[in-house]
Amino acid sequence: MSNYCPDYYQRKRYKTRVATIGNVLLGGENPVRVQSMTTADTMDTEKSVDESIRMIDAGCEIVRLTAPSKKDAENLREIKRILNERGYSTPLVADIHFTPNAAEVAADIVEKVRVNPGNYADKKKFEEHEYTDDSYQKELDRIEEKFTPLVLKCKENGVAMRIGTNHGSLSDRILSRYGDTPKGMVESAMEFLRICVKHDYHNLVLSMKASNTLVMVQAYRLLVKTMNENGMNYPLHLGVTEAGDGEDGRIKSAVGIGALLEDGLGDTIRVSLTEDPEFEIPVAQKLLAKYAAENRNDILLKTETQELSYDPFSYSRRETSAVENVGGDQVPVVIADVSSIEELKPSHLFGFGYAYSVTLDKWNIMDLAADYLYIGNNTIDFELPGTLKVICSLSVWESHYQNKPGFFPMVSKDELEKIDQEQVFFLSHSATDTDVEYLSNYTNAILVLDTEHTNKTQVFRNLSLNFANKGIKNPIILCSSPTGNDTETYQLWASSDLGSMLVDGVGDGVWLGGNQPAQIRNSTSFGILQATRTRISKTEYISCPSCGRTLFDLQETTAKIREKTSHLKGVKIGIMGCIVNGPGEMADADYGYVGTGPGKIHLYKEKVVVRKNIPEDEAVDALIDLIREHGDWVEPK
């Protein structure tokens, strides 16, 4: 199989080898495992133990701790001893960056060692190098010499290893050879993987983490394809690194991790939030619950192909014709559904980004303002803001709004005979209905695609292929109405429902239904578009989840920065607790705030450090000044 998953049109789990991590089996037929990482200093034994216990009690199946030095690695023995004494046998993982000798110490103590190919034997200085094939091979020989002792020790001790590539910490060597690409990420891992295979060591797990969900998804897919072509099938650890906190962090994680789970990829997941680690566990569990048998209503699609209508390893938006402000080169739209409200009032629009002032008789339009209002069989007896368009049933449109600009009918397939082909309209089309040739006669139709089935990714993907084969270029609105009762579950499930298709360039708008309040449906819609980089409507924070290397309070600092910058639409700010997760991990960011020593902060403009060793109590204001200097600051309203 050279594809990246077993079947593009049937949801099947990708079958891997089994990795043994202490008493936990990973991959194969085993459940997808949930894990997290401590934030305490590993030398603080009691804090590390207490935090580990909180994580395990919350359902964490694998606990990771940082080991930045041999001394930290040695202390893992004491942490493990105390945990065992207290009745906890959950396997521990040593997280290694820059220090191969610490990894070799840890391999005598813990059940798993994580290494990052980007900084295990290489350094990152953002320098470009030119290599011949011979000089590059000498670099590979150097890496093999440095890495082999750890491989042999892990093999001898029965210790597992995660080869964890991070997009932001690719070495200068890889960047010079392959560029800042998913291909570079995969090759970085494969170099280390080949050394393991050479020594017949296979107790391995692989990861391809990035804060950019498109890069992350493409890299995992390319990794699986590359493994398949080389006769390999090692388990996968899924995660979106530096996802942030709160709603944004959850949505972003669900988009990236969910897009892969939708295709049956993933054997363990970690949701990386800038919050206490035990709070990550229920988020991961709720996301995985979407794929439990009792929550699934999949349809068996009748397909005879494994073709796709797009390249799954790079982003290209589906080519569509623009209809009104939907499709073409325009950003995806957001639909606000108020059809269940019988007597509409201006206040009902507040949750969708429109605040009406009775005193001023004026609408205030917020940054997260929906583009269309679906009223169904209702009518509106008040003036709307000029930017908001309305969708209503065909009967209401014919009787009230046929000649009113900005009002459009929603039409079913059997009502098409009532529609003038010159009229712009929304057409409800079941995503399982593959009869699409008739649409060539209705180029002014905006398609609203929905399905009651839970394998939406496969259903939408199949229909997208039919569109491509028949030359249908109508813009499409993707619908989802998750059944999760609590807000968190709703957002996670909606994000994985729609995120996978938007990552692949399919979708010109989103329409979320369900029983959640208007504000949740609206913010989730914009959050999904932001997380898939298809519509930027707010500040983006690339914030690491904290660990024992962190040099300041990440949660408190992120809150302070968010409070002062959340109005900077489209600006990306990286907030990194240490230099390990510094300029590389926030490679996507416009500005960076990085801990470099106790109480000291470096500020970055993109990848370049511009101010060094700023006292922590002055650093947030200095960041604001830096944003001003580069012309990206606007005063909050």
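The values are calculated or read from the model by the stated rules, or taken from the named source; none is laboratory data. In this text, all values refer to a predicted model and were calculated from it rather than measured experimentally. No Cβ is skipped: glycine too gets one built from the backbone with ideal geometry, and neighbour counts run over all protein chains shown.
Out of the residues in the stretch 271-296 meeting the condition of being part of a helix (DSSP H, G or I) and of a type in the set (A, V, I, L, M), tell me which one is farthest from Tyr8 (Cα to Cα). Among those that are part of a helix (DSSP H, G or I) and of a type in the set (A, V, I, L, M), it is Ile281. For the residues Val506, Val510, the requirement of being within 18 Å of Glu262 (Cβ to Cβ) and in contact with a Phe, Trp or Tyr (Cβ under 8 Å, 6 or more places away or on another chain) singles out Val506. Determine whether Val215 is in contact (Cβ under 8 Å) with a residue 12 or more places away in the chain, in a helix (DSSP H, G or I) and surrounded by fewer than 20 Cβ atoms within 10 Å (Cβ to Cβ). So Val215 does not fit the description; no. The stretch 15-93 holds strands (runs of 3 or more DSSP E) entirely within its bounds, and those carrying 1 or more residues that are without any contact (Cβ under 8 Å) to a residue 40 or more places away in the chain and over 24 Å from the mean Cα position of the chain (by Cα) map to 24-26. Evaluating Glu130 against the criteria (1) over 30 Å from Gly505 (Cα atoms); (2) out of contact with any Lys or Arg (no Cβ under 9 Å at 6 or more places or on another chain); (3) part of a helix (DSSP H, G or I) leaves one unmet condition, (3). Ser525 meets the conditions (1) touching a strand residue (DSSP E or B) at 6+ places or on another chain (Cβ under 6 Å); (2) within 21 Å of Leu265 (Cα to Cα) in every case but one. The failed one is (2).
Given the options Asp311, Asp263, name the one that is farther than 30 Å from Glu556 by Cβ and surrounded by fewer than 16 Cβ atoms within 10 Å (Cβ to Cβ). Step through it out loud before you land on a result.
Numbers: Asp263 fails: surrounded by fewer than 16 Cβ atoms within 10 Å (Cβ to Cβ).
Selected residue: Asp311, the only one of Asp311, Asp263 that is farther than 30 Å from Glu556 by Cβ and surrounded by fewer than 16 Cβ atoms within 10 Å (Cβ to Cβ).
Against the test of being outside the structural domain of Asp588 (by TED's automatic domain parsing) and farther than 15 Å from Ile195 by Cα, the options Ile109, Ile143, Ile163 yield a single qualifying residue, Ile109.
Regarding the stretch 259-270, can at least one residue be identified that is touching a residue at least 40 places away in the same chain (Cβ under 8 Å), part of a loop (DSSP other than H, G, I, E, B), of a type outside the set (Lys, Arg) and more than 25 Å from Asp7 (Cα to Cα)?
Initial filter on the stretch 259-270 (touching a residue at least 40 places away in the same chain (Cβ under 8 Å)): 259-270.
Keeping just the survivors that are part of a loop (DSSP other than H, G, I, E, B) gives 262-267, 270.
With of a type outside the set (Lys, Arg) added as a condition, the list becomes 262-267.
Then drop every residue that is not more than 25 Å from Asp7 (Cα to Cα), which leaves none.
No: zero hits.
Just wondering, is there one or more residues in the stretch 74-92 that are among the small types (Gly, Ala, Ser) and surrounded by 21 or more Cβ atoms within 10 Å (Cβ to Cβ)? For the stretch 74-92, residues among the small types (Gly, Ala, Ser) and surrounded by 21 or more Cβ atoms within 10 Å (Cβ to Cβ): absent.
Residues in the stretch 478-488 that are surrounded by fewer than 19 Cβ atoms within 10 Å (Cβ to Cβ) and not acidic (Asp, Glu): 4 in all. A single entry from Gly386, Gly328 fulfils the requirement of being within 21 Å of Gly507 (Cβ to Cβ) and either out of contact with any helix residue (DSSP H, G or I) (no Cβ under 9 Å at 6 or more places or on another chain) or not β-branched (Val, Ile, Thr) (or both): Gly328.
Yes or no: Ser393 of a type outside the set (Val, Ile, Thr), crowded, with 16+ Cβ neighbours inside 10 Å and within 30 Å of Lys12 (Cα to Cα)?
Working: of a type outside the set (Val, Ile, Thr): yes; crowded, with 16+ Cβ neighbours inside 10 Å: yes; within 30 Å of Lys12 (Cα to Cα): no.
No.
Any chance the stretch 39-56 includes a residue that's surrounded by 23 or more Cβ atoms within 10 Å (Cβ to Cβ), modelled with pLDDT under 95 and either of a type in the set (Asp, Glu) or touching a Pro at 6+ places or on another chain (Cβ under 7 Å) (or both)? Looking through the stretch 39-56, at least one residue is surrounded by 23 or more Cβ atoms within 10 Å (Cβ to Cβ), modelled with pLDDT under 95 and either of a type in the set (Asp, Glu) or touching a Pro at 6+ places or on another chain (Cβ under 7 Å) (or both). Of the residues making up the stretch 15-38, those that are buried (at least 21 other Cβ atoms within 10 Å of the Cβ) and among the hydroxyl-bearing types (Ser, Thr, Tyr) are Thr16, Ser36, Thr38. When residues in the stretch 120-165 are screened for being within 27 Å of Leu25 (Cα to Cα) and modelled with pLDDT under 90, 1 of them pass.
Note on the stretch 362-383: residues that are assigned to a loop (DSSP other than H, G, I, E, B) and either more than 30 Å from Thr565 (Cα to Cα) or in contact with a helix residue (DSSP H, G or I) (Cβ under 8 Å, 6 or more places away or on another chain) (or both) amount to 10.
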